[in-house]
1. Tally the residues that are without any contact (Cβ under 8 Å) to a residue 40 or more places away in the chain and more than 11 Å from the chain's Cα centre (by Cα), restricting the search to the stretch 2-54.
2. So, of the residues in the stretch 62-75 that are in contact (Cβ under 8 Å) with a residue 40 or more places away in the chain and within 8 Å of the ligand (Cβ to nearest atom), which turns out to be nearest to Phe45 (Cα to Cα)?
3. So which of Leu72, Leu77, Leu103 is surrounded by 13 or more Cβ atoms within 10 Å (Cβ to Cβ) and farther than 17 Å from Asn2 by Cα?
Amino acid sequence: MNIAVYPGSFDPCTNGHLDIIKRVSAIFDKVIVAVLCNSGKTPLFSVEERVEILKKATSDIPNIEIVSFSGLLVDFLKENNAKIVIKGLRAVSDFEYEFQMALTNRKLCDNVETLFISASTEYMFLSSSIVKEIASYNGDLSGLVPDELIPIIKSRFGFVNN
Ligand code: PNS
């Protein structure tokens, strides 16, 4: 079985992430979305909330599993018998950091392959940070995240409208 792991913080997941998840799930037998439980950062959503949000947003995709992980990605891959890491690229500026991570993961475990998939043009600019920036000013999030997520994100910034 060809298993791909799509790791990330997903704080929160955006329509760009969901687009990558849909496209990748059509290629692999199974896709594991691995949500980083990052103790260093203070996330907007807890890891449990991020997993729950992703589960709801991907409930129509059968061959997908959403789980949290901590520690090294290569250890998570081994535990799940997976060798393929999926990374989305929006712009050349993403490449340098992603290339460094891909090579680091290869150094740590030599049978890991990172596959880069380009973001769809409509989501080239989109990131979780951009979503949080807009939300912090009560700006319009439509088209950037799933509609049902908008009030939840806004409420984290103290706004009660949608
Ligand atoms: O969405 P993000 O924050 O860009 O995702 C980053 C992520 C989770 C892919 C990366 O931080 C990661 O793999 N963390 C696990 C720790 C690890 O394995 N580090 C070594 C690779 S540099």
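Each value in this text was obtained by applying a stated rule to the coordinates, not by laboratory testing. None of the values given here were measured: they were computed from a predicted structure. With ideal geometry, Cβ positions are generated from the backbone for all residues, glycine too; neighbour counts draw on all protein chains shown.
1. Residues flagged as without any contact (Cβ under 8 Å) to a residue 40 or more places away in the chain and more than 11 Å from the chain's Cα centre (by Cα) within the stretch 2-54 amount to 18.
2. Phe69
3. When all the criteria are applied, what remains is Leu72.
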